[in-house]
Amino acid sequence: MWNWLGRNADKVQAVGAIATALAALVALIVIPLQISSADLIQRDQTAREIYREFLNLTVQKPELAAGHYCAMTDENQRVAYEAYVDYLFYTAEQMIESDSAWKGPMTTYFEDHLEFICSRENKGRYTHSVAEIAAALQSQCAKIQSCPAE
């Protein structure tokens, strides 16, 4: 056996070098895929946590979830409501970027907040997917009575 290795040492070293190069090439391909996959899993997990917090907030503050912006007279209530809708947009942004199948379900949340969405300018504040939802909702603003001037 040692005799064979001695005679074929150059060939064995060449095979070893090729195997090492192939292992390095596989690592260069597999490691970025693993990192990308881990990042995708983390973003999905984060989006679901944000959605869970949104649902928790909705349960704790149902008056915000079904808020009638124009009827709100208390400034603190208006500020809380505006923050709630902003958080709804943020939640939608995270969920849709995580999985585009969430676009429909998230759009239904916004329908209860047309008064507020139609009462202010939202352009340029959101990612493309959420901006599309906002634009679609704002196209319905002609049907909604605007808030009386304050």
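Read-outs: derived from the displayed coordinates by stated rules, not from any lab. As the structure is a computational prediction, the values presented were derived from the model and not from experiment. We place every Cβ from the backbone using ideal geometry, glycine too, and count neighbours over all the protein chains shown.
Using the beta-carbon distance between ILE35 and GLU132 and R0 = 25 Å, what value does 1/(1 + (r/R0)^6) give for FRET efficiency, to the nearest 0.05? Please report the intermediate quantities before stating the final value.
Details: r = 30 Å, r/R0 = 1.19.
Efficiency for this residue pair is about 0.25.
Using only the alpha carbon atoms of the chain, find the Kirkwood hydrodynamic radius as the inverse mean reciprocal pair distance, in angstroms to one decimal. Walk me through the numbers on the way to the answer.
On the way: mean 1/r = 0.0516 Å⁻¹.
Evaluated on the chain, it is 19.4 Å.
Order these peptides, 22-32, 109-119, 50-60, 85-95, by their mean beta-carbon neighbour count within 10 angstrom, highest first. Let's see the in-between values first.
On the way: 22-32: 9.6, 109-119: 17.5, 50-60: 13.9, 85-95: 20.1.
Highest mean packing first, the order is 85-95, 109-119, 50-60, 22-32.
Which of the aspartates and glutamates could a cross-linker bridge to LYS143, judged by Cα under 16 Å and excluding same-chain residues fewer than eight apart?
GLU111, ASP112, GLU115
May I ask which residue of VAL15, TYR84, TYR51 lies farthest towards the positive end of the charge dipole of the chain, with charges of +1 (Lys, Arg) and -1 (Asp, Glu) on Cβ and the Cα centre as origin?
VAL15
Sorted by packing (mean other beta-carbon atoms within 10 Å per residue), highest first, where do 96-107, 2-13 land? Spell out each step's value before the answer.
Working: 96-107: 15.0, 2-13: 9.3.
In decreasing order of mean packing, 96-107, 2-13 become 96-107, 2-13.
How large is the helix-only mean residue ellipticity at 222 nm for the chain, computed as the sum of -39500 (n - 2.57) over DSSP H runs with n ≥ 4, divided by its residue count, in deg cm²/dmol to the nearest 500? All intermediate terms of the calculation are to be shown ahead of the outcome.
Numbers: 7 runs with 111 residues, N = 150.
Mean residue ellipticity at 222 nm (helix-derived): -24500 deg cm²/dmol.
So if I place +1 on the C-beta of Lys and Arg and -1 on the C-beta of Asp and Glu, and nothing else carries charge, what would the dipole magnitude of region 42-143 be about its Cα centre? I want it in debye, nearest 20.
Working: 10 positive and 16 negative charges, 31 e Å.
Computed about the Cα centre, the dipole is about 140 debye.
Using a Förster radius of 30 Å, what is the FRET efficiency between ARG120 and GLU97 based on their Cβ-Cβ separation? Nearest 0.05, please.
That gives a FRET efficiency of 0.80.
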